[in-house]
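Notes to accompany the following structure.
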Amino acid sequence: MDWNDTPEQARFRQEVRDFLDQRLPTLYRDHEARKHETSGIENDWQQDLHNGTPEEQVAARQWADALFERGWGQPHWPREYGGASMSTLEQFILKQEFARAEAPDIGGHLIGSTLLVHGTEEQKQQFLLPTLKGEMRWAQGFSEPGAGSDLGSLQCRAVRDGDEFVINGQKLWTSAGHKSNWIFGLFRTDPDAPKHRGITFMMLDATSPGVSVRPIISMGWEHATNETFYEDVRVPASQVVGEVNRGWYVGMTLLDYERSGINRAVAQRKILDELVGEVRAGATPNRRPLVRHEIAERYIESGVLDNLCMRIASMHAAGTIPNYEASMGKMYGSELAQRNARTGMKAFGLYSNLWSPSEPLAPLRAQNTQTYLHSVVGTIAGGSSEIQRNIIATRGLGLPRG
């Protein structure tokens, strides 16, 4: 298969590059200044808009407005909902160029794409445009203390009370909960049903009375996720997505979108290119023979990931939702990120003990050292690698359940 751009695709790629040159705010061009003491997980558009300095909030708003003008915030959405009705391969090109420029994602694609499949027309009208404009910023409420990889065991209760549901319980690992004003999640509405039934998908205002968000600080001193508590939180029944007690299927659609991320390959290749440049420039030359073959392996693996991502894109282009294919991309991409970080640390030996990006002797601003810690969660979040392997085995290879 020829992965080269057609003339039309090449013209569109140049259009995207021109747009980035003209409209990407200066704040997001200065990548060096954006390297803080923590990794880029905290340092993103949603954080800037919700909790940022006045300068960061202005830049985040400018970027959201620029994307909204083109429908490029969520380019695959239909035009009537603020998207660009863009073809899958155009989306792929757009994401590639945005990733190369390190232009921030404005978020909302998971809930928005799920609403396009399962939502009512009223829900689409109510939630899609405000999400594109940055007025609604979303967090995901799936995992619980006793329901992580085994998500079907969730117990956070939602009880029907007239035209509302009343929610009580706890969610864990609520990523972006501290920089969001809306939450989508799965809640137990029938405790007597089998565990994958009796679950309902709902959207709720995170500023509602009874919602509290508490930070969880990672082993890399990063506030990227939270625990969330619900005490008699009232949610209109009109904010149920799909059918009551059949939210598991809505949630699985969303996870397929979450696991389909096609910008991972670009991000990993950029990291490797930076590593190769540093090693070639003479950093710790005595270690070069120890890592040259390992770096080559990582480079080949990034090419494999690129092809996995292209497969997912081609499935979207054919009108199908990736399932086990998305699990392959998610698992391979998250594990490759960890291998890249280990290889990067190995390349610099004891200098990789330096943590701070501002330390003059820290190789590549301590990027590999920080990523080594922050990427641990990558093979757990969004469904652990063990869960992905089960999906690949049963749905992809047709193997019996163990």
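The values are calculated or read from the model by the stated rules, or taken from the named source; none is laboratory data. Quick caveat: nothing in here was measured; it's all calculated off a predicted structure. All Cβ positions, even for glycine, are placed from backbone atoms using ideal geometry, and neighbour counts span all protein chains on display.
Across the range 77-84, not a single residue is classified as touching a helix residue (DSSP H, G or I) at 6+ places or on another chain (Cβ under 7 Å) and closer than 25 Å to ARG269 by Cα.
Number of residues in the range 132-170 that are small (Gly, Ala, Ser), crowded, with 18+ Cβ neighbours inside 10 Å and under 19 Å from the mean Cα position of the chain (by Cα) equals 5.
When the residues of the range 385-402 are filtered to those that are under 20 Å from the mean Cα position of the chain (by Cα), of a type outside the set (A, V, I, L, M, F, W, C) and surrounded by 16 or more Cβ atoms within 10 Å (Cβ to Cβ), the one that is farthest from GLU335 (Cα to Cα) is GLN388. Summed over the range 186-239, the residues that are out of contact with any Phe, Trp or Tyr (no Cβ under 6 Å at 6 or more places or on another chain), under 30 Å from TYR372 (Cα atoms) and not in a loop (DSSP other than H, G, I, E, B) give a count of 10.
For the range 243-291, the set of residues classified as at pLDDT 90 or above, small (Gly, Ala, Ser) and either surrounded by fewer than 20 Cβ atoms within 10 Å (Cβ to Cβ) or out of contact with any strand residue (DSSP E or B) (no Cβ under 7 Å at 6 or more places or on another chain) (or both) consists of GLY277 only.
The number of residues in the range 107-118 that are more than 20 Å from THR320 (Cβ to Cβ) and either out of contact with any strand residue (DSSP E or B) (no Cβ under 7 Å at 6 or more places or on another chain) or not hydrophobic (A, V, I, L, M, F, W, C) (or both) comes to 2. Just so you know, in the range 343-377 the residues that are surrounded by fewer than 19 Cβ atoms within 10 Å (Cβ to Cβ) and small (Gly, Ala, Ser) include one that is nearest to ASN286 (Cα to Cα), and it is GLY349. Applying the condition of being touching a residue at least 40 places away in the same chain (Cβ under 8 Å) and charged (D, E, K, R) to the range 383-402 and asking which residue is nearest to LEU308 (Cα to Cα) yields ARG389. Scanning the range 190-222 for residues that are surrounded by 16 or more Cβ atoms within 10 Å (Cβ to Cβ) and either of a type in the set (A, V, I, L, M) or more than 28 Å from ASP161 (Cα to Cα) (or both) yields a count of 11. Looking only at the range 269-302, count how many residues are touching a residue at least 24 places away in the same chain (Cβ under 8 Å), farther than 19 Å from ALA99 by Cα and either among the hydroxyl-bearing types (Ser, Thr, Tyr) or in a loop (DSSP other than H, G, I, E, B) (or both). Total meeting the criteria: 2.
Of all residues in the range 240-252, those satisfying the criterion of being assigned to a strand (DSSP E or B) and aliphatic (A, V, I, L, M) are VAL240, VAL241. Looking only at the range 53-69, count how many residues are more than 18 Å from LEU128 (Cα to Cα) and either of a type in the set (S, T, N, Q) or crowded, with 16+ Cβ neighbours inside 10 Å (or both). The qualifying residues number 6.
Listed conditions (1) surrounded by fewer than 17 Cβ atoms within 10 Å (Cβ to Cβ); (2) in contact (Cβ under 8 Å) with a residue 40 or more places away in the chain are all met by SER175, apart from (1).
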